[in-house]
Structures are given as structure tokens and as C-alpha cells.
Amino acid sequence: MERILVSGATGFIGGYVVRRLLDEGCRVIATSSNPGHAAVQPWFREVEYVPLDLSGLDRETDYFERLGKPDRMIHLAWEGLPNYRSAFHLEENLPRHETLLANLIANGLGDLTVTGTCLEYGMQEGNLSEHLPALPGNPYAQAKDRLRQFLQQKATVQPFALKWIRLFYMYGKGQNPNSLFSQLDKALANGDKVFNMSKGEQERDYLPVEKVAEYIVRTARQQETLGIINCCSGRPVTVKAMVEDYLRSKGRTMDLNLGFYPYPDYEPFRFWGDPSKLKTILENE
């Protein structure tokens, strides 16, 4: 039975990934910084839980042994979101994650899957394939891209299977309360008649979080397709259309106050992912 380590297990995506792995018969070693938060998760008694605070790493510790000598690792942990512009990502977060992952690799980890972000593509528009250069424009995306480069360099010295999953947009239960669909759910629960949003003409690539978790797990549990892999639908949709579809799925109506918020300045207007590499993984199983 495969032993898979999941960092950031109590996060939005983490809970879905843990559940998916358990349903597939894997032994899960879950780690996060808050044991109290972990203890109330519905999967807590089904996993081996090891608390780990990345702000207090000890360079003398063998974290591969401490974390159960897993066959594979899915690294979802990342602090400081959704503040993409904070220098914290580069100055504090990046060194912590480099230290942990380097330690694990040096002590025996041979298979690593890490979640990156579509924001690594920067302001490039249209259909974004993994062959495009990374042009990250904010500290969060820059830190993620530097971590990827760090790990790729590590792999040339001590080979291991590296899968870098660039996440696009997602929605689902448990998402950050400041996210678009969490705000929409709150407005519906409050019985609001009007929902404030941007003009909604920007095009994005959305997946439900359950599907994101499935794709992460299926990517992690194979070694034929490595490197950067987009986790996306490949189908552009306007934000306005997504909101309208979401309301229809709930059987609800609401007036959309379009243009109340400006468009974000840290992402391009029209972009979506090329899922070709992901499809190769899904089709080869």
C-alpha cells in the first residue's frame, strides 16, 4: 500500500486530496501547522498525522524519517494567501519551503508533487501551455517559480521524480471566505437581492475543487509525465457566465451589480490553460 505524505492537509485543497487518496486505498501521512484544526477534520482518524510548523524547522532533523518515510509526497502547503503582493512569500516563505523539501530529498524522498500557480505565467494572455516562459509579476508567483527552479536544480544533482502542478481557478465548499464564490454563497444565505462584482468580462479557466483534487492525485501517482503540468479545464469562460451558471445550479436568481469592483491588476484579462499534458496522464491510466 502506497504511503503518501500530504503537506497543507487542512487547507482548502488539502482536505479533498486527502479524501481522494484514502478512497483510492492509499495510506496517508498528513501534516499541517495546526494540530487543533487537523483534529476536527472528518478524515483525521483515518490518517497518520504529524504536526509540522515550517517557521521552526531544525536543519539537523531528518524530516523524511520524522514524516514516515513516504513513497511519495504531495506538497500543498503555502502560507500568506490570498495576499499575493506580500514580500513574505519571497523573504520568509520561500526559504522555509526550500529547506524542508531539500531535507526530504537529501534523506530519501524520491517522488515529489508540488502545486504552483497559473500566475507564474504573468500577464501572458490566451491559451497558456507549459512551454511558455515563466514571467511572474507578484511576490507570490515569483516565490513559487523560484521554488520550482530550485527543485529542478536539485533533481540534476540527486534525481527524483518532480511534478509541478500549475493550478488555475477553482471553486467549492471550504474556499477562502473572500473568494468570489464564497462571497456569492454568503449573499445567497443572507437573502441579498443584489451581488456586487466586477464587469465579469474577463475570461478564466475554472474547475470544481473535487476535480482539482482528482487531477492532483492522478498526476502524483504516476511517473511517466513529469515537469510542469497545467491543472485546468482548457475551456475559457467569462466570470459573469460562471456566476450566472452557479446561480442557475442553485436554482436562485440575483441582480448582478456589474462594474462595482475594478478588474484585478495582477492577472491578464483573457487566459486559460492548455491541458494537453494533463490529458496524457488521464488517458494513460
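Rule-based calculations on the coordinates, nothing more; no lab input. Fair warning: this is a prediction, and the values are worked out from it, not measured in the lab. With ideal geometry, Cβ positions are generated from the backbone for all residues, glycine too; neighbour counts draw on all protein chains shown.
To make sure I understand, if each residue's beta carbon is the centre and we count other beta carbons within 10 Å, what order do Glu203, Glu65 fall in, fewest to most? Display every interim value, and only then the final one.
Working: Glu203 18, Glu65 11.
Final ranking by Cβ density, sparse to dense: Glu65, Glu203.
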Restricting to Cα pairs below 8 Å that are 6+ residues apart, what does the relative contact order work out to for the chain? Please round to a whole percent. 19 percent
Under 5 Å between amide hydrogens, which residues at least 5 positions from Gly200 or on another chain qualify, with H placed 1.01 Å from N in the peptide plane? Gly259
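Explain nothing, just the number: dipole magnitude of the stretch 1-157 about its Cα centre with +1 on each Lys and Arg Cβ and -1 on each Asp and Glu Cβ, in debye rounded to the nearest 20. Before the final figure, lay out the partial values.
Values: 15 positive and 20 negative charges, 19 e Å.
Once rounded to the nearest 20, the dipole reads 100 debye.
Using DSSP, restrict attention to beta bridges with both residues in the chain and report what percent are antiparallel, rounded to the nearest 5. Show your work: numbers first, answer last.
Details: 2 of 40 bridges.
In the chain, DSSP labels about 5 percent of beta bridges as antiparallel.
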I'm spelling it out carefully: the read-out is volume of the Cα convex hull per residue in Å³, the candidates are (i) 216; (ii) 192; (iii) 135, and one was derived from this structure. Which label? (iii)
Fewest Cβ neighbours within 10 Å first, please rank Thr61, Thr10 accordingly. Thr61, Thr10
Selection from Leu147, Ala161, Gly108 lying farthest towards where the dipole of the stretch 65-161 points positive, charges on Cβ: Gly108
Charges on Cβ only, +1 for Lys and Arg, -1 for Asp and Glu, centred on the Cα centroid of the stretch 19-73; of Cys26, Tyr63, Gly36, which one is farthest towards the dipole's positive end? Cys26
Can you compute 3J(HN,Hα) from phi for each residue in the stretch 170-183, using the Karplus curve 6.51 cos²θ - 1.76 cosθ + 1.60 with θ = phi - 60°, rounded to whole Hz and x for Gly and Pro? 8, 8, x, 4, x, 5, 3, x, 8, 6, 4, 6, 5, 5
Phi-based couplings in Hz for the stretch 32-38 (Karplus 6.51, -1.76, 1.60; Gly and Pro marked x): 6, 8, 10, x, x, 5, 5
5 Å binning of all Cα-Cα separations within the stretch 197-285, expressed as whole percents from 0 upward: 3, 13, 18, 18, 15, 13, 10, 6, 3, 1
Could you state the number of Å between the C-alpha centres of the stretch 120-135 and the stretch 214-239? 15 Å
For a quick check: with amide H placed at 1.01 Å from N, whose amide H comes under 5 Å from Phe195's, ignoring anything fewer than 5 positions away on the same chain? Asp255, Leu256, Asn257
Which of the aspartates and glutamates could a cross-linker span from Lys250 if the Cα-Cα distance has to be under 19 Å and same-chain partners fewer than 8 positions apart are dropped? Asp185, Asp192, Glu210
How would Lys186, Lys154, Lys69, Lys163 line up from fewest to most surrounding beta-carbon atoms within 10 angstrom? Lys186, Lys69, Lys154, Lys163
What size of dipole, in debye to the nearest 20, comes out for the stretch 78-127 about its Cα centre when the only charges are +1 on Lys and Arg C-beta atoms and -1 on Asp and Glu C-beta atoms? 60 debye
Karplus couplings for the stretch 64-73 from phi (6.51 cos²θ - 1.76 cosθ + 1.60, θ = phi - 60°), rounded to Hz, Gly and Pro as x? 5, 6, 4, 9, x, 6, x, 6, 9, 10
